[in-house]
Amino acid sequence: ILFKSEFLTVFRFGVIGILSTLVHMIVALALVEVFTFNPFVANTIAFGSAFAVSFLGHFWWTFRHFNAILFQSLIRFGLIALLGFLANSLLLAALIDMGISKETAVVLAVTVVPLISYVASRQWAFRS
């Protein structure tokens, strides 16, 4: 039963992650293509939109059984998101510096960082 419960939590984390990624892409592209925003401004706004989807999805669905405190979880998850972005960027740079192709480096960075984010979210962000 523990394995089944953990699998369901991981599945939910993945669903919310995919959903927030789609929100990020749609918002960024709409702002750039339809409203002619600067791409960096659009990406910042899109990141904020995706963060909101991600946090609320994880708080109310993925980790709801943890009975976490909303504001505390928001601060913790925000820190995890920022550190995850930093880790992703550093890992990407390191892999490219090691001679790994840019495409492979992106795939590795985008795969590794969400795993770390899951563990940090499960063990810290959404705990009371």
Exercise for the section: State the percentage of accessible surface on region 9-128 attributable to carbon and sulfur atoms; use a 1.4 Å probe and exclude ligands, DNA and RNA. Expected result: 77 percent
Fill in the blank from the handout: Rounded to one decimal in nm, the spacing of the 7 Å Cα→Cβ label points at I96 and W124 is 2.7 nm
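Given a Förster distance of 30 Å, report the FRET efficiency between H65 and T21 from their Cβ-Cβ distance, rounded to the nearest 0.05.
Numbers: r = 24 Å, r/R0 = 0.80.
Once the sixth-power term is evaluated, E becomes 0.80.
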Completion exercise
Over all pairs of different Cα atoms in region 19-102, the reciprocal of the mean inverse distance gives a Kirkwood radius in Å of 14.5 Å
Handout entry: Probe 1.4 Å, accessible area per residue of region 52-109, Å²
Key = 61 Å²
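The values are calculated or read from the model by the stated rules, or taken from the named source; none is laboratory data. Only a predicted model underlies this, so the values are computations on that prediction, with no experimental measurement involved. No Cβ is skipped: glycine too gets one built from the backbone with ideal geometry, and neighbour counts run over all protein chains shown. For the accessible areas, the whole protein counts, side chains as well, though only heavy atoms, and no ligand, DNA or RNA atoms are used. Shrake-Rupley method; radii C 1.70, N 1.55, O 1.52, S 1.80 Å.
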